[in-house]
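The values are calculated or read from the model by the stated rules, or taken from the named source; none is laboratory data. Everything numeric here is computed off the predicted structure, so don't read it as measured data. Glycine gets a Cβ as well: all are built from the backbone with ideal geometry, and neighbour counts include every protein chain shown. In case anyone asks, the SASA skips ligands and DNA or RNA and just uses the protein heavy atoms, side chains included. Shrake-Rupley method; radii C 1.70, N 1.55, O 1.52, S 1.80 Å.
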There are 2 protein chains.
Amino acid sequence: MTLSMYEVSVAVFSARLKALSSVLSTAEQNAGERKIDPQVFLTARLAPDMFALTRQVQIATDHAKGAPSRLAGREVPKYEDSEASFAELQARIAKTLDHLATFSAADLEGSDERIVEVRLGGREVSMAGLRYLLHVAMPNFYFHLTTAYDILRHNGVPLGKATFLGSR
Amino acid sequence: MTLSMYEVSVAVFSARLKALSSVLSTAEQNAGERKIDPQVFLTARLAPDMFALTRQVQIATDHAKGAPSRLAGREVPKYEDSEASFAELQARIAKTLDHLATFSAADLEGSDERIVEVRLGGREVSMAGLRYLLHVAMPNFYFHLTTAYDILRHNGVPLGKATFLGSR
(Lines give C-alpha, C1' and ligand atoms only; values in the text may rest on other atoms or scores of the structure.)
Protein backbone atom coordinates (compact mmCIF):
# COMPACT_ATOMS: atom_id res chain seq x y z
CA MET A 1 0.00 0.00 0.00
CA THR A 2 1.68 3.18 -1.21
CA LEU A 3 0.96 6.73 -0.13
CA SER A 4 -1.12 8.68 -2.65
CA MET A 5 -3.78 11.37 -2.59
CA TYR A 6 -6.24 8.68 -3.67
CA GLU A 7 -5.50 6.47 -0.65
CA VAL A 8 -5.65 9.43 1.73
CA SER A 9 -8.96 10.69 0.35
CA VAL A 10 -11.19 8.42 -1.78
CA ALA A 11 -10.19 5.16 -0.09
CA VAL A 12 -10.74 6.59 3.40
CA PHE A 13 -14.09 8.21 2.59
CA SER A 14 -15.31 5.00 0.92
CA ALA A 15 -14.33 2.70 3.78
CA ARG A 16 -15.83 4.96 6.44
CA LEU A 17 -19.08 5.53 4.51
CA LYS A 18 -19.57 1.78 4.12
CA ALA A 19 -19.19 1.52 7.88
CA LEU A 20 -21.66 4.40 8.38
CA SER A 21 -24.14 2.48 6.28
CA SER A 22 -23.81 -0.48 8.69
CA VAL A 23 -24.18 1.82 11.68
CA LEU A 24 -27.44 3.19 10.25
CA SER A 25 -28.71 -0.30 9.40
CA THR A 26 -28.14 -1.36 12.99
CA ALA A 27 -29.98 1.74 14.20
CA GLU A 28 -32.97 1.16 11.93
CA GLN A 29 -33.20 -2.48 12.98
CA ASN A 30 -32.91 -1.51 16.64
CA ALA A 31 -35.72 1.05 16.27
CA GLY A 32 -37.89 -1.75 14.90
CA GLU A 33 -37.02 -4.13 17.72
CA ARG A 34 -37.65 -1.52 20.41
CA LYS A 35 -40.79 -0.26 18.63
CA ILE A 36 -39.33 3.24 18.45
CA ASP A 37 -40.45 5.52 15.61
CA PRO A 38 -37.34 5.83 13.36
CA GLN A 39 -37.94 9.61 13.36
CA VAL A 40 -36.90 9.64 17.01
CA PHE A 41 -33.40 8.57 16.02
CA LEU A 42 -33.29 10.63 12.82
CA THR A 43 -34.14 13.84 14.69
CA ALA A 44 -32.07 13.09 17.81
CA ARG A 45 -29.25 15.46 18.74
CA LEU A 46 -26.71 15.70 21.56
CA ALA A 47 -27.34 19.37 22.35
CA PRO A 48 -30.10 21.79 21.35
CA ASP A 49 -27.66 23.74 19.15
CA MET A 50 -26.09 20.70 17.48
CA PHE A 51 -27.39 19.08 14.29
CA ALA A 52 -29.70 16.06 14.41
CA LEU A 53 -28.67 12.66 13.03
CA THR A 54 -30.00 13.23 9.50
CA ARG A 55 -28.02 16.45 9.09
CA GLN A 56 -24.86 14.80 10.49
CA VAL A 57 -25.09 12.13 7.78
CA GLN A 58 -25.78 14.76 5.12
CA ILE A 59 -22.73 16.82 6.07
CA ALA A 60 -20.46 13.75 6.32
CA THR A 61 -21.42 12.77 2.77
CA ASP A 62 -21.00 16.40 1.62
CA HIS A 63 -17.34 16.29 2.63
CA ALA A 64 -16.88 12.85 1.07
CA LYS A 65 -18.30 13.96 -2.29
CA GLY A 66 -16.80 17.45 -2.13
CA ALA A 67 -13.17 16.79 -1.27
CA PRO A 68 -12.18 14.44 -4.11
CA SER A 69 -14.17 16.56 -6.59
CA ARG A 70 -12.40 19.77 -5.59
CA LEU A 71 -9.01 18.03 -5.53
CA ALA A 72 -9.58 16.64 -9.03
CA GLY A 73 -10.86 19.98 -10.33
CA ARG A 74 -14.33 18.59 -11.00
CA GLU A 75 -17.74 20.09 -10.26
CA VAL A 76 -19.06 19.03 -6.81
CA PRO A 77 -22.35 17.11 -7.28
CA LYS A 78 -25.33 18.90 -5.73
CA TYR A 79 -27.69 16.98 -3.43
CA GLU A 80 -31.14 18.17 -2.40
CA ASP A 81 -30.69 17.56 1.35
CA SER A 82 -34.26 16.31 1.56
CA GLU A 83 -33.62 12.92 3.21
CA ALA A 84 -36.24 12.06 5.82
CA SER A 85 -35.84 8.31 6.41
CA PHE A 86 -33.14 5.71 6.97
CA ALA A 87 -33.76 4.42 3.43
CA GLU A 88 -33.15 7.89 2.00
CA LEU A 89 -29.97 8.34 4.03
CA GLN A 90 -28.77 4.94 2.78
CA ALA A 91 -29.52 6.06 -0.78
CA ARG A 92 -27.46 9.22 -0.21
CA ILE A 93 -24.53 7.17 1.08
CA ALA A 94 -24.82 4.78 -1.89
CA LYS A 95 -24.90 7.74 -4.32
CA THR A 96 -21.78 9.16 -2.65
CA LEU A 97 -20.00 5.79 -2.87
CA ASP A 98 -20.91 5.64 -6.58
CA HIS A 99 -19.44 9.12 -7.05
CA LEU A 100 -16.26 8.13 -5.19
CA ALA A 101 -15.94 5.09 -7.47
CA THR A 102 -15.61 7.39 -10.49
CA PHE A 103 -12.18 8.64 -9.30
CA SER A 104 -8.95 6.92 -10.24
CA ALA A 105 -5.64 7.42 -8.48
CA ALA A 106 -4.46 9.34 -11.58
CA ASP A 107 -7.33 11.85 -11.21
CA LEU A 108 -5.93 12.95 -7.86
CA GLU A 109 -2.21 12.81 -8.58
CA GLY A 110 -0.55 16.15 -7.88
CA SER A 111 -3.65 17.49 -6.12
CA ASP A 112 -1.70 17.91 -2.87
CA GLU A 113 -0.12 21.07 -4.31
CA ARG A 114 -3.07 22.16 -6.47
CA ILE A 115 -4.82 25.27 -5.12
CA VAL A 116 -8.48 24.64 -4.34
CA GLU A 117 -11.25 27.13 -3.59
CA VAL A 118 -13.37 26.30 -0.60
CA ARG A 119 -16.07 28.14 1.32
CA LEU A 120 -15.04 28.50 4.97
CA GLY A 121 -16.89 30.53 7.57
CA GLY A 122 -18.97 32.18 4.86
CA ARG A 123 -16.13 33.27 2.55
CA GLU A 124 -14.13 31.77 -0.32
CA VAL A 125 -10.65 30.69 0.70
CA SER A 126 -7.83 29.36 -1.48
CA MET A 127 -5.48 26.75 -0.09
CA ALA A 128 -3.26 23.87 -1.15
CA GLY A 129 -5.18 20.65 -1.81
CA LEU A 130 -3.36 18.72 0.89
CA ARG A 131 -4.08 21.34 3.54
CA TYR A 132 -7.74 21.39 2.52
CA LEU A 133 -7.96 17.60 2.65
CA LEU A 134 -6.12 17.04 5.94
CA HIS A 135 -7.15 20.12 7.90
CA VAL A 136 -10.62 20.97 6.60
CA ALA A 137 -12.38 18.11 4.81
CA MET A 138 -11.12 15.14 6.83
CA PRO A 139 -11.60 16.52 10.38
CA ASN A 140 -15.05 17.79 9.38
CA PHE A 141 -15.92 14.43 7.84
CA TYR A 142 -14.80 12.51 10.92
CA PHE A 143 -16.56 14.99 13.18
CA HIS A 144 -19.96 14.38 11.60
CA LEU A 145 -19.36 10.65 11.15
CA THR A 146 -18.49 10.22 14.83
CA THR A 147 -21.27 12.49 16.04
CA ALA A 148 -23.81 10.43 14.06
CA TYR A 149 -22.51 7.32 15.86
CA ASP A 150 -22.48 9.11 19.24
CA ILE A 151 -26.10 10.22 18.82
CA LEU A 152 -27.14 6.61 18.24
CA ARG A 153 -25.08 5.24 21.13
CA HIS A 154 -26.57 7.92 23.38
CA ASN A 155 -30.00 6.64 22.31
CA GLY A 156 -29.15 3.09 23.31
CA VAL A 157 -28.43 1.59 19.90
CA PRO A 158 -26.14 -1.43 20.45
CA LEU A 159 -23.08 -0.43 18.41
CA GLY A 160 -19.40 -1.11 18.93
CA LYS A 161 -16.26 0.55 17.67
CA ALA A 162 -15.71 -2.28 15.17
CA THR A 163 -18.89 -1.20 13.34
CA PHE A 164 -17.74 2.43 13.34
CA LEU A 165 -14.38 1.38 11.91
CA GLY A 166 -15.97 -1.00 9.43
CA SER A 167 -13.82 -3.86 10.66
CA ARG A 168 -16.93 -5.99 10.96
CA MET B 1 2.38 21.58 0.86
CA THR B 2 3.50 18.19 -0.43
CA LEU B 3 2.07 14.79 0.43
CA SER B 4 4.22 12.84 2.89
CA MET B 5 3.72 10.38 5.72
CA TYR B 6 4.77 13.17 8.08
CA GLU B 7 2.02 15.52 6.88
CA VAL B 8 -0.60 12.77 7.01
CA SER B 9 0.37 11.68 10.54
CA VAL B 10 2.46 13.96 12.79
CA ALA B 11 1.15 17.25 11.38
CA VAL B 12 -2.48 16.12 11.69
CA PHE B 13 -2.10 14.73 15.23
CA SER B 14 -0.31 17.89 16.37
CA ALA B 15 -2.87 20.30 14.94
CA ARG B 16 -5.82 18.38 16.34
CA LEU B 17 -4.27 17.92 19.80
CA LYS B 18 -3.61 21.66 20.06
CA ALA B 19 -7.30 22.16 19.29
CA LEU B 20 -8.25 19.53 21.90
CA SER B 21 -6.23 21.49 24.44
CA SER B 22 -8.36 24.58 23.65
CA VAL B 23 -11.55 22.54 23.90
CA LEU B 24 -10.54 21.33 27.38
CA SER B 25 -9.52 24.85 28.47
CA THR B 26 -12.94 26.12 27.48
CA ALA B 27 -14.56 23.28 29.42
CA GLU B 28 -12.54 23.93 32.56
CA GLN B 29 -13.30 27.63 32.43
CA ASN B 30 -16.99 26.91 31.85
CA ALA B 31 -17.08 24.57 34.87
CA GLY B 32 -15.69 27.42 36.96
CA GLU B 33 -18.23 29.93 35.65
CA ARG B 34 -21.16 27.58 36.20
CA LYS B 35 -19.79 26.43 39.58
CA ILE B 36 -19.75 22.83 38.40
CA ASP B 37 -17.21 20.46 39.95
CA PRO B 38 -14.73 19.73 37.10
CA GLN B 39 -15.09 16.03 37.97
CA VAL B 40 -18.63 16.17 36.59
CA PHE B 41 -17.23 16.90 33.13
CA LEU B 42 -14.21 14.59 33.48
CA THR B 43 -16.40 11.61 34.37
CA ALA B 44 -19.25 12.41 31.95
CA ARG B 45 -20.11 9.91 29.24
CA LEU B 46 -22.71 9.67 26.46
CA ALA B 47 -23.84 6.13 27.27
CA PRO B 48 -23.28 3.88 30.29
CA ASP B 49 -21.02 1.59 28.23
CA MET B 50 -18.98 4.35 26.62
CA PHE B 51 -15.82 5.82 28.09
CA ALA B 52 -15.88 9.02 30.14
CA LEU B 53 -14.17 12.23 29.01
CA THR B 54 -10.83 11.51 30.73
CA ARG B 55 -10.50 8.12 29.02
CA GLN B 56 -11.47 9.60 25.63
CA VAL B 57 -8.59 12.08 25.92
CA GLN B 58 -6.21 9.33 27.06
CA ILE B 59 -7.04 7.11 24.08
CA ALA B 60 -6.84 9.99 21.58
CA THR B 61 -3.33 10.78 22.81
CA ASP B 62 -2.44 7.06 22.77
CA HIS B 63 -3.09 6.95 19.03
CA ALA B 64 -1.23 10.21 18.47
CA LYS B 65 1.88 8.98 20.28
CA GLY B 66 1.59 5.40 19.03
CA ALA B 67 1.12 5.83 15.30
CA PRO B 68 4.20 7.90 14.42
CA SER B 69 6.31 5.76 16.79
CA ARG B 70 5.23 2.49 15.16
CA LEU B 71 5.62 3.97 11.68
CA ALA B 72 9.16 5.13 12.47
CA GLY B 73 10.05 1.81 14.12
CA ARG B 74 10.52 3.42 17.52
CA GLU B 75 9.36 2.28 20.95
CA VAL B 76 5.91 3.68 21.86
CA PRO B 77 6.22 5.82 25.03
CA LYS B 78 4.27 4.40 27.98
CA TYR B 79 1.94 6.66 29.95
CA GLU B 80 0.48 5.81 33.37
CA ASP B 81 -3.15 6.67 32.50
CA SER B 82 -3.59 8.21 35.94
CA GLU B 83 -4.86 11.65 34.89
CA ALA B 84 -7.64 12.91 37.18
CA SER B 85 -7.89 16.63 36.45
CA PHE B 86 -8.00 19.04 33.54
CA ALA B 87 -4.44 20.12 34.38
CA GLU B 88 -3.23 16.52 34.18
CA LEU B 89 -5.00 15.97 30.85
CA GLN B 90 -3.38 19.16 29.54
CA ALA B 91 0.00 17.85 30.70
CA ARG B 92 -0.63 14.59 28.84
CA ILE B 93 -1.49 16.48 25.65
CA ALA B 94 1.63 18.66 26.06
CA LYS B 95 3.79 15.54 26.59
CA THR B 96 2.31 14.01 23.43
CA LEU B 97 2.96 17.19 21.43
CA ASP B 98 6.57 17.15 22.69
CA HIS B 99 6.89 13.54 21.54
CA LEU B 100 5.41 14.40 18.12
CA ALA B 101 7.96 17.22 17.81
CA THR B 102 10.80 14.68 17.93
CA PHE B 103 9.82 13.28 14.51
CA SER B 104 11.19 14.66 11.27
CA ALA B 105 9.71 14.02 7.84
CA ALA B 106 12.73 11.79 7.12
CA ASP B 107 11.90 9.55 10.12
CA LEU B 108 8.62 8.59 8.47
CA GLU B 109 9.68 8.38 4.85
CA GLY B 110 8.86 4.99 3.37
CA SER B 111 6.74 4.02 6.37
CA ASP B 112 3.66 3.69 4.16
CA GLU B 113 4.98 0.33 2.97
CA ARG B 114 6.75 -0.68 6.18
CA ILE B 115 5.02 -3.54 8.01
CA VAL B 116 3.96 -2.56 11.52
CA GLU B 117 2.76 -4.77 14.38
CA VAL B 118 -0.33 -3.57 16.15
CA ARG B 119 -2.65 -5.02 18.78
CA LEU B 120 -6.20 -5.20 17.43
CA GLY B 121 -9.10 -6.87 19.19
CA GLY B 122 -6.71 -8.54 21.62
CA ARG B 123 -4.25 -10.01 19.11
CA GLU B 124 -1.11 -8.90 17.27
CA VAL B 125 -1.74 -8.04 13.63
CA SER B 126 0.80 -7.11 10.94
CA MET B 127 -0.14 -4.59 8.29
CA ALA B 128 1.33 -1.99 5.97
CA GLY B 129 2.07 1.32 7.72
CA LEU B 130 -0.29 3.29 5.50
CA ARG B 131 -3.20 0.94 6.15
CA TYR B 132 -2.52 1.10 9.88
CA LEU B 133 -2.38 4.91 9.82
CA LEU B 134 -5.42 5.56 7.62
CA HIS B 135 -7.72 2.72 8.69
CA VAL B 136 -6.80 2.05 12.32
CA ALA B 137 -4.96 4.90 14.04
CA MET B 138 -6.62 7.90 12.35
CA PRO B 139 -10.28 6.82 12.60
CA ASN B 140 -9.72 5.78 16.22
CA PHE B 141 -7.99 9.07 16.99
CA TYR B 142 -10.79 11.10 15.43
CA PHE B 143 -13.40 8.94 17.14
CA HIS B 144 -12.08 9.72 20.63
CA LEU B 145 -11.29 13.35 19.80
CA THR B 146 -14.83 13.97 18.56
CA THR B 147 -16.47 12.03 21.36
CA ALA B 148 -14.57 14.14 23.93
CA TYR B 149 -15.98 17.23 22.23
CA ASP B 150 -19.47 15.71 22.00
CA ILE B 151 -19.48 14.87 25.73
CA LEU B 152 -18.70 18.49 26.56
CA ARG B 153 -21.28 19.91 24.12
CA HIS B 154 -23.86 17.53 25.59
CA ASN B 155 -23.01 18.99 29.00
CA GLY B 156 -23.64 22.52 27.81
CA VAL B 157 -20.07 23.71 27.30
CA PRO B 158 -20.15 26.58 24.76
CA LEU B 159 -17.94 25.20 22.00
CA GLY B 160 -18.07 25.58 18.24
CA LYS B 161 -16.65 23.60 15.35
CA ALA B 162 -13.91 26.20 14.86
CA THR B 163 -12.47 25.26 18.26
CA PHE B 164 -12.67 21.55 17.39
CA LEU B 165 -10.84 22.21 14.12
CA GLY B 166 -8.32 24.51 15.76
CA SER B 167 -9.14 27.26 13.29
CA ARG B 168 -9.55 29.65 16.22
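Structure data summary
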{"quantity": "Overall dimensions of segment B:34-116 as given by Cα atoms, namely Rg and Dmax in Å", "calculated": "15.7, 51"}
{"quantity": "Semi-axis lengths (Å, descending) of the ellipsoid that matches the C-alpha gyration tensor of the protein assembly as shown", "calculated": "27, 27, 20"}
{"quantity": "Between segment B:112-136 and segment A:1-73, the alpha-carbon center distance in angstrom", "calculated": "24"}
{"quantity": "Cα-based shape type of segment A:1-59, given that a ≥ b ≥ c are square roots of the gyration tensor eigenvalues and the cut on a/c is 1.5", "calculated": "oblate"}
{"quantity": "7 Å along Cα→Cβ, label-point gaps from A:GLY73 to other copies, nm, shortest first", "calculated": "3.9"}
{"quantity": "Accessible area (Å², per residue) of segment B:18-168, counting only protein heavy atoms and a probe of 1.4 Å", "calculated": "44"}
{"quantity": "Estimated [θ] at 222 nm from DSSP helical runs (n ≥ 4, -39500 (n - 2.57)) normalised by residues in the protein assembly as shown, nearest 500", "calculated": "-17500 deg cm²/dmol"}
{"quantity": "Under-5 Å amide H pairs with A:LEU120, H placed in peptide plane, nonlocal only", "calculated": "A:VAL125"}
{"quantity": "Whole-number percent relative contact order across chain B, with pairs defined as alpha carbons under 8 Å at least 6 apart", "calculated": "36"}
{"quantity": "Links that overshoot a 28 Å alpha carbon limit, given the list A:LYS35/B:LYS161; A:LYS95/B:LYS18; B:LYS65/B:LYS161", "calculated": "A:LYS35/B:LYS161; A:LYS95/B:LYS18"}
{"quantity": "At q = 0.13, 0.15, 0.17, 0.18 Å⁻¹, base-10 log of I(q)/I(0) for segment B:5-159 (Debye sum, equal scatterers on each alpha carbon)", "calculated": "-0.60, -0.77, -0.95, -1.03"}
{"quantity": "Carbon/sulfur fraction of accessible area - segment A:5-159, other protein chains in place, 1.4 Å, %", "calculated": "50"}
{"quantity": "Copies compared at A:PRO48 - label distances in nm, ascending, label defined 7 Å from Cα in the Cβ direction", "calculated": "2.8"}
{"quantity": "Residues in segment B:36-79 occluded by at least 40 Å² - accessible area, probe radius 1.4 Å, against chain by itself", "calculated": "B:LEU46, B:MET50"}
{"quantity": "Extension gain, A:LYS35 back to A:ALA94 (0.36 nm per residue minus Cα-Cα distance, nm)", "calculated": "18.6 nm"}
{"quantity": "Spacing of the two label points (7 Å from each Cα toward its C-beta) at A:SER126 and B:SER22, in nm", "calculated": "2.5"}
{"quantity": "Listed residues B:VAL118, A:VAL116, A:ALA44: farthest to the positive end of the dipole of the protein assembly as shown (Cβ charges)", "calculated": "A:ALA44"}
